[in-house]
Amino acid sequence: MEKKKGIIAEFKEFIARGNVMDLAIGMVIGSAFTAIVTSLVNDIVMPLISLITGGISFTQWNVALGSGKEPPVLGFGTFLAAVINFLLIALVIFAVVKGLNKMHDLAEKAGKLSKKKEEAPTTKKCPYCLSEIDIKATRCPHCTSVLEEAKESAKADK
Ligand SMILES: [Zn+2]
């Protein structure tokens, strides 16, 4: 009894992790999408190809090897349909991934910009040469001025 409860709890945790649901949704959308592409190939692209090839349906476009009652058959047409199917799916997935990458890049850029604003300044200006230097620097790397005094006076001013 206790063991069963453990398994159920574990299963609940597994489901609750979220990526399982993502995967399930992806699979459902994927299979529906595959049906659309398959229909596009079988019902629209292949008839057009048949039109070009002179009315030969791609499913009939095959070569029987040898003779007899049921000789092995090379199904060029069906194979071609599968290849076109794959190419179309790959093309669409490529476009989707490219779009997602672009969105991801934009989101990252926006995130970086907002992060930069939140970050405390890491540089200051040297009062002698006005170069941008590290905020912790006590000596300017550009003009070699000692900045300890400037720091003290800045504190005193405040
Ligand atoms: Zn300087």
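Some notes on this structure:
- Condition broken by Arg139, with the remaining ones in (1) more than 16 Å from the ligand (Cβ to nearest atom); (2) open to solvent by 80 Å² or more (accessible area, probe 1.4 Å) satisfied: (1)
Residue by residue, here is whether (1) loosely packed, with under 11 Cβ neighbours inside 10 Å; (2) at pLDDT 80 or above; (3) within 16 Å of the ligand (Cβ to nearest atom); (4) not aliphatic (A, V, I, L, M) holds:
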site	(1), (2), (3), (4)
Glu118	yes, no, no, yes
Leu147	no, yes, yes, no
Ala150	no, no, yes, no
Lys158	yes, no, no, yes
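- Meets criteria (modelled with pLDDT of 80 or more, assigned by TED's automatic domain parsing to the domain that holds Val41 and either of a type in the set (Gly, Ala, Ser) or touching a strand residue (DSSP E or B) at 6+ places or on another chain (Cβ under 9 Å) (or both)) for Gly99: yes
- Hits in the stretch 58-80 (condition: outside any helix (DSSP H, G or I), open to solvent by less than 70 Å² (accessible area, probe 1.4 Å) and of a type in the set (Gly, Ala, Ser)): Ala64, Gly66, Gly68, Gly75
- Within the stretch 16-39, tally of residues that are under 26 Å from Phe76 (Cα atoms), aliphatic (A, V, I, L, M) and either open to solvent by 70 Å² or more (accessible area, probe 1.4 Å) or part of a loop (DSSP other than H, G, I, E, B) (or both): 1
The values are calculated or read from the model by the stated rules, or taken from the named source; none is laboratory data. The shown structure was predicted, so the numbers you read here are calculated from the model rather than taken from an experiment. Reconstructed Cβ throughout: ideal geometry from the backbone, glycine too, with neighbour counts over all protein chains shown. For accessibility, only protein heavy atoms count, side chains too; no ligands or nucleic acids. Shrake-Rupley method; radii C 1.70, N 1.55, O 1.52, S 1.80 Å.
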